[in-house]
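Notes follow the structure.
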Amino acid sequence: MLDDGRGAGTARRVSVEQRDVINAPRDVFGSFETGSAQETRDLGERLGGLLRARDVVLLFGELGAGKTVFAKGIASGVGIAVEQVTSPSFTLMNVHEGRVRMTHLDLYRIETFAQAEQAGLLDVFNTDAIVVVEWPEKIVDVCRARARVEVRIYVVGPNERRILISEI
Ligand SMILES: Nc1ncnc2c1ncn2[C@@H]1O[C@H](COP(=O)(O)OP(=O)(O)OP(=O)(O)O)[C@@H](O)[C@H]1O
Ligand SMILES: [Mg+2]
């Protein structure tokens, strides 16, 4: 197992968090530091490789934190060509076919839970897709029945990010 403090790619793991919801090796959960977008993508790819149908990943972080970069990594781990993955900030939802379908939501422009519902964006939680959500703050309670991973990305320098990955 990758228990040498280098949890994924060249991201350096700085602490470990252990819980037992998702069926994934423990070393993907914890606190990481990345020094480039590529490292963040590699970390996302490692998580993506472990995801199964109906898993949900919530991506928290300020504008430009790296949520879409991380989502591209997840997609790659799910077997989706990374060039296909663009930010859903305008489309709100993009659907990709990999070894499992992956639905990528961006709720930045959604003001309320009701709006998300009316736009049909919550129907994805009734499908077998892996769901990856940027700006999930408005809908965190929707997907309680599913195994969920929460990713929090903090900007700590121009190219440095602190990334917390946990099960909720
Ligand atoms: N360590 C890093 N990890 C991720 N991105 C990084 C890193 N260092 C620099 N960057 C840059 O930060 C930007 C992150 O952009 P990205 O679109 O992924 O952010 P976002 O969180 O999705 O923003 P938004 O809220 O607008 O959707 C990219 O330009 C990327 O190259
Ligand atoms: Mg984005």
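The values are calculated or read from the model by the stated rules, or taken from the named source; none is laboratory data. Since this is a predicted model, take the numbers as computed values, not measurements. Cβ sites come from the backbone with ideal geometry, for glycine too, and all protein chains shown count toward neighbours. We work out accessible area using only protein heavy atoms, side chains counted, and drop any ligands, DNA or RNA first. Shrake-Rupley method; radii C 1.70, N 1.55, O 1.52, S 1.80 Å.
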Given a 1.4 Å probe, how much area per residue of the chain is accessible, in Å²? 47
Grab the other residues whose beta carbon is less than 14 angstrom from that of V95, score K and R as +1, D and E as -1, and report the net. -3
Local electrostatic count at C143 - Lys and Arg +1, Asp and Glu -1, tallied over other residues with Cβ under 15 Å: -3
So if I take the centroid of the Cα atoms in region 37-60 and the same for region 119-168, what is the distance between those two points in Å? 10
Assuming a viscosity of 1.306 mPa s and a temperature of 10 °C, what translational diffusion coefficient in µm² per second does Stokes-Einstein assign to region 12-167, Rh being the Kirkwood radius over Cα pairs? 104
Within the accessible area of the chain (1.4 Å probe), percent carbon and sulfur: 48
